[in-house]
């Protein structure tokens with residue numbers, strides 16, 4: 001797979017165009033063209049949710065199943081990019097990932113701190129966006145809980161976003 005055969009969202013998750021069939025690729029092209037016109041983010045959200053929902057409901061997928069499709073994830077990210085560009089949201093950063101990690105794997109922040117060796121005071125400042133954690137400190141703390149740091153393309157970087165071929 002070449003670099004042009006996938007989409008990278010704001011959080012660095014990759015979606016391969018190989019997993020999309022011809023109809024999904026056509027719908028994705030429609031969504032990308034609409035997003036490229038930079039409509040208000042909330043209008044785009046209403047547009048893509050209706051379109052993607054109807055598309056997959058026509059294929060017999062339930063609402064929870066639709067939310068797990070690559071097309072849904074890409075459309076959601078396109079809307080997020082519009083919100084960031086329009087100043088109503090900010091790009092995610094490592095602190096958002098720490099918060100998600102705490103929310104999904106630990107009962108409390110204290111439990112997270114005990115497992116990683118980070119102080120609760122430091123974590124509080126970091127999550128409040130008053131301080132940063134040194135990369136080596138964060139890397140060591142994450143390794144204690146079986147995680148690691150990863151470098152991903154920066155949102156809005158010059159790397160072009162290629163539209164998938166409409167026909168497989």
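The values are calculated or read from the model by the stated rules, or taken from the named source; none is laboratory data. Everything numeric in this text was worked out from a predicted model, so none of it was measured. Neighbour counts run over all protein chains shown; Cβ positions are idealised from the backbone, glycine included.
Here residue 8 meets each of (1) touching a strand residue (DSSP E or B) at 6+ places or on another chain (Cβ under 7 Å); (2) surrounded by 14 or more Cβ atoms within 10 Å (Cβ to Cβ); (3) more than 30 Å from residue 144 (Cβ to Cβ) with one exception, condition (3). Residue-level analysis places residue 31 among those that are touching a helix residue (DSSP H, G or I) at 6+ places or on another chain (Cβ under 7 Å), farther than 30 Å from residue 126 by Cβ and either crowded, with 17+ Cβ neighbours inside 10 Å or not assigned by TED's automatic domain parsing to the domain that holds residue 131 (or both).
Would you confirm whether any residue within the stretch 99-111 is within 14 Å of the chain's Cα centre (by Cα) and either surrounded by 13 or more Cβ atoms within 10 Å (Cβ to Cβ) or modelled with pLDDT under 95 (or both)? Yes, because at least one residue in the stretch 99-111 is within 14 Å of the chain's Cα centre (by Cα) and either surrounded by 13 or more Cβ atoms within 10 Å (Cβ to Cβ) or modelled with pLDDT under 95 (or both).
Among the candidates 37, 95, 81, 26, the residue that is loosely packed, with under 13 Cβ neighbours inside 10 Å and either at pLDDT 95 or above or within 30 Å of residue 132 (Cα to Cα) (or both) is uniquely 37.
None of 12, 79, 87 is under 19 Å from the mean Cα position of the chain (by Cα) and in contact (Cβ under 8 Å) with a residue 60 or more places away in the chain except 12. The residues of the stretch 113-143 that are free of Cβ contacts under 8 Å to residues at least 24 places away in the same chain and farther than 16 Å from residue 93 by Cα, listed by number, are 113, 114, 118, 119, 120, 121, 122, 136, 137, 140, 143.
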